[in-house]
Amino acid sequence: MFCRQCEQTANPCTKLGVCGKQPDTAYLQDLLTYALQGLATYAKEELKEGKLDSKVNRFTVEALFSTLTNVNFDSEAIKNFIYEAVNLREELKGKGIKVQETEACNFKPADSLEELVKQGEDANRKLFHSYQNEDIQSLKEITLYSLRGIAAYADHAAILGKEDNSVYAFIYDALDSMQRNGDLNFWLNMVLKAGETNLRAMELLDAANTGRYGHPVPTAVPLGYKKGKAIVVSGHDLRDLEILLKQTEGKGIYVYTHGEMLPCHAYPELKKYKHFYGHYGTAWQNQQKEFAQFPGAILMTTNCIIRPLDSYKDRIFTTGVVGWPGVKHIKDKDFTPVIEKALELPGFPEDKESKTVMVGFARNAVLGVADKVIELVKAGKIRHFFLVGGCDGAKPGRSYYTEFVEKAPQDTVILTLACGKFRFFDKELGSIDGIPRLLDVGQCNDAYSAIQIALALSKAFNVGVNELPLSLILSWFEQKAVAILTTLLYLGIKNIRLGPSLPAFVSPNVLKVLVDNFNIKPIKTVDEDLKEILG
Ligand code: SF4
Ligand code: SF3
């Protein structure tokens, strides 16, 4: 196997993923990507003609989402996606659309899993070892990983009824182009187009979430628990949480969030449920320890799942595109098995009071106090804003982000989002004239909100975003972060500090382009970086 799509890669992962992905599953995911390329060649033309059945769009984003890091480890599930991709391709072919055929247009999947894996080895070679040159390879990979991120956002938005054909058009175009030759400029443009498309996908998701659940409002979330039966929900999907909250109403079960579900407590249409109590645990990489101690049922709605320990394997459930071999998967959103499991389990024996954390500082809440913020900046009371955001992970180098927040001077404000925040989310950072110094914008899925805050501030101060007293200190792990980075590049945002390490799939020349044009910098030490930023 050859996989280097995420930050924790062994550069590359070959025998077994650091994430726990087996080589067979990795090959099948490559074969799925290849099958999707063949499908895309037809879907692209059919969409242009305005004749494409929306089931192809929905299928494509779900299939791409399943290949994102820490989403689906189940070879059987990936196999089914491969067969479905080919079925849909044949359906489109049958309509007589004229395309410039590629090899993937005629790919026939084998009957057995074993043979499919062999075909996957071939697909792996095509995806990663057919370099025209390492720079084009690098740009193609940035595009592919961005597509996976875009697909995740598009899927979440579509679940809530928000779609835009321009997003699907780009996905098909990029998948189709990957099978053809293009020069360096072509692929540089493709990367920026990925950024533009991702912005649209995130905008759709923002509209979907706020349209259905209202704008997040500042909310104190308890980190303790209530005596009684319990279900903890992890991942990112708001709709799954809503369905579960409805299905558990009046059943004597408290529902808790884990990881990236924390910001859900701020949405009016979710927080109204009395049995939606608090937040349990921290970021994804700590789940084995945290889930083992949780006395109830566990539901994974999206990434990041890691190998379930035996101690909780019979009480963890997956839904949506998530999968783990041997773990019960809820297909139809009837969460009865999760509820029954929670009722069987002991739950928490007593109440535990503990501190709370504040969430809900998304664009509407922050821009609601924009005048005050601007006044404080003008009065010199707020010197600088830091967006310390992105993914968490297991690498020790990630303590940089905790240290950064601890050392940021008292007259600075920290905006945060995504699961990287768990390194400092419960710190008491105080406030500046009533404005909290730590503002949680939301999930990684809410990066759009952070971008809107930055754009609104730049308008208010009448300067470009790069001239604002704002620095982006980002941590990346998976492919949604790659997509967000391409969006920031598309928006012309400069001086991003990126860590804990640079992507393995960025070649030295591509890195040089990023440094020369966008002044992207790898993180150094906190002291050096703070000194450089604040002067
Ligand atoms: Fe390795 Fe990351 Fe790929 Fe998993 S997703 S196999 S950890 S590079
Ligand atoms: Fe986290 Fe997996 Fe990226 Fe949503 S949950 S940010 S890593």
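The values are calculated or read from the model by the stated rules, or taken from the named source; none is laboratory data. Remember, predicted model here, so these are calculated numbers, not experimental data. For neighbour counting, all protein chains shown are included, and Cβ atoms are generated from backbone atoms with ideal geometry for every residue, glycine included.
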**Prompt:** If you go through the range 263-285, how many residues are free of Cβ contacts under 8 Å to residues at least 12 places away in the same chain and among the aromatic types (Phe, Trp, Tyr)?
**Reply:** 0
**Prompt:** Among (1) at pLDDT below 95; (2) surrounded by 24 or more Cβ atoms within 10 Å (Cβ to Cβ); (3) of a type outside the set (Lys, Arg), which single condition is Glu260 missing?
**Reply:** (1)
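Residues are listed down the side, and each one gets a yes or a no for (1) among the small types (Gly, Ala, Ser); (2) more than 23 Å from the chain's Cα centre (by Cα); (3) within 30 Å of Asn517 (Cα to Cα):
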site: Leu175; (1), (2), (3): no, no, yes
site: Asp183; (1), (2), (3): no, yes, yes
site: Asn198; (1), (2), (3): no, no, yes
site: Asp206; (1), (2), (3): no, no, yes
site: Asn209; (1), (2), (3): no, no, no
site: Val217; (1), (2), (3): no, no, no
site: Lys227; (1), (2), (3): no, yes, no
site: Asp240; (1), (2), (3): no, no, no
site: Leu244; (1), (2), (3): no, no, no
**Message:** For Ala408, only one of the following conditions fails: (1) among the small types (Gly, Ala, Ser); (2) within 16 Å of ligand 1 (Cβ to nearest atom); (3) buried (at least 22 other Cβ atoms within 10 Å of the Cβ). What is its number?
**Reply:** (2)
**Asked** Looking at Ala447, is it away from ligand 1 (no atom under 16 Å from the Cβ) and either over 18 Å from the mean Cα position of the chain (by Cα) or outside any loop (DSSP other than H, G, I, E, B) (or both)?
**Response** yes
**Request:** Looking at (1) out of contact with any strand residue (DSSP E or B) (no Cβ under 8 Å at 6 or more places or on another chain); (2) surrounded by 24 or more Cβ atoms within 10 Å (Cβ to Cβ), find the lone condition where Leu244 falls short.
**Result:** (1)
**Asked** Quick check: anything in the range 339-349 within 24 Å of the chain's Cα centre (by Cα) and either hydroxyl-bearing (Ser, Thr, Tyr) or assigned to a helix (DSSP H, G or I) (or both)?
**Response** no
**Message:** Can you list residue pairs whose Cβ atoms sit under 6 Å apart, with the first residue in the range 146-162 being assigned by TED's automatic domain parsing to the domain that holds Leu192 and free of Cβ contacts under 8 Å to residues at least 60 places away in the same chain and the second being part of a helix (DSSP H, G or I) and of a type in the set (S, T, N, Q)? Count only pairs 6 or more apart in sequence or on different chains.
**Reply:** none
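Report yes if some residue within the range 480-491 is of a type in the set (Lys, Arg) and within 29 Å of Ala157 (Cβ to Cβ); otherwise report no.
Of the range 480-491, the ones of a type in the set (Lys, Arg) are 480.
If we keep only those that are within 29 Å of Ala157 (Cβ to Cβ) too, we end up with 480.
Checked against the condition, which is being of a type in the set (Lys, Arg) and within 29 Å of Ala157 (Cβ to Cβ), the range 480-491 yields at least one hit.
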**Asked** Of the residues in the range 313-326, how many are buried (at least 19 other Cβ atoms within 10 Å of the Cβ) and not in a helix (DSSP H, G or I)?
**Response** 9
**Prompt:** For the subset of the range 505-535 comprising residues that are in a loop (DSSP other than H, G, I, E, B) and exposed (fewer than 15 other Cβ atoms within 10 Å of the Cβ), which member is modelled with the lowest pLDDT?
**Reply:** Gly535
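Return the residues of the range 350-374 that are under 23 Å from the mean Cα position of the chain (by Cα) and polar (S, T, N, Q); say none if nothing qualifies.
Taking the range 350-374 as the starting set, the residues that turn out to be under 23 Å from the mean Cα position of the chain (by Cα) are 357-366.
Matches in the range 350-374: Asn364 only.
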**Prompt:** What residue, among those in the range 67-101 that are in contact with a helix residue (DSSP H, G or I) (Cβ under 6 Å, 6 or more places away or on another chain) and among the hydroxyl-bearing types (Ser, Thr, Tyr), is surrounded by the fewest Cβ atoms within 10 Å (Cβ to Cβ)?
**Reply:** Ser75
**Request:** Would you check which residues across the range 381-423 are among the charged types (D, E, K, R) and either more than 16 Å from ligand 2 (Cβ to nearest atom) or at pLDDT below 95 (or both) and list them?
**Result:** Lys381, Arg383, Lys395, Glu403, Glu406, Lys407, Asp411
**Message:** Among the listed residues Gly430, Gly434, Gly442, identify the single one that is within 30 Å of Thr302 (Cα to Cα), away from ligand 1 (no atom under 16 Å from the Cβ) and in the same structural domain as Val526 (by TED's automatic domain parsing).
**Reply:** Gly442
**Prompt:** Among (1) part of a loop (DSSP other than H, G, I, E, B); (2) more than 25 Å from Asn286 (Cα to Cα), where does Leu47 come up short?
**Reply:** (1)
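Report whether or not Arg58 is surrounded by fewer than 19 Cβ atoms within 10 Å (Cβ to Cβ), outside the structural domain of Ala169 (by TED's automatic domain parsing) and under 21 Å from Ala152 (Cα atoms).
Details: surrounded by fewer than 19 Cβ atoms within 10 Å (Cβ to Cβ): yes; outside the structural domain of Ala169 (by TED's automatic domain parsing): no; under 21 Å from Ala152 (Cα atoms): yes.
So Arg58 fails the test.
Picking from Glu428, Glu375, Glu353, which residue would you name as being away from ligand 2 (no atom under 16 Å from the Cβ) and touching a Gly at 6+ places or on another chain (Cβ under 7 Å)? Spell out the reasoning first.
On the way: Glu428 fails: touching a Gly at 6+ places or on another chain (Cβ under 7 Å); Glu375 fails: touching a Gly at 6+ places or on another chain (Cβ under 7 Å).
One residue alone meets the criteria, Glu353.
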**Fill in**
Of the residues in the range 301-317, those that are more than 16 Å from ligand 1 (Cβ to nearest atom), touching a Phe, Trp or Tyr at 6+ places or on another chain (Cβ under 7 Å) and under 21 Å from Gly393 (Cβ atoms) come to Pro308, Ile316
**Fill in**
Checked pairs for the range 391-413, first free of Cβ contacts under 8 Å to residues at least 24 places away in the same chain, second more than 16 Å from ligand 1 (Cβ to nearest atom), C-beta under 8 Å and 6 or more apart or across chains, list as Thr402/Arg423; Thr402/Phe424; Glu406/Phe424; Glu406/Lys427
**Complete:** Of the conditions (1) within 23 Å of the chain's Cα centre (by Cα); (2) in contact (Cβ under 8 Å) with a residue 60 or more places away in the chain; (3) over 28 Å from Lys341 (Cα atoms), the single one that Glu260 does not satisfy is (3)
**Item:** Filter result for Thr416 (surrounded by 20 or more Cβ atoms within 10 Å (Cβ to Cβ), outside any loop (DSSP other than H, G, I, E, B) and touching a residue at least 40 places away in the same chain (Cβ under 8 Å))
**Value:** no
**Complete:** Across the range 4-57, the tally of residues that are free of Cβ contacts under 8 Å to residues at least 40 places away in the same chain and within 16 Å of ligand 2 (Cβ to nearest atom) stands at 2
**Item:** Exclusive hit being closer than 19 Å to Glu344 by Cα and either surrounded by 24 or more Cβ atoms within 10 Å (Cβ to Cβ) or of a type in the set (A, V, I, L, M) (or both), set Ala292, Ala283
**Value:** Ala292
**Fill in**
Inside the range 241-257, the number of residues satisfying the requirement of being free of Cβ contacts under 8 Å to residues at least 12 places away in the same chain and hydrophobic (A, V, I, L, M, F, W, C) is 0
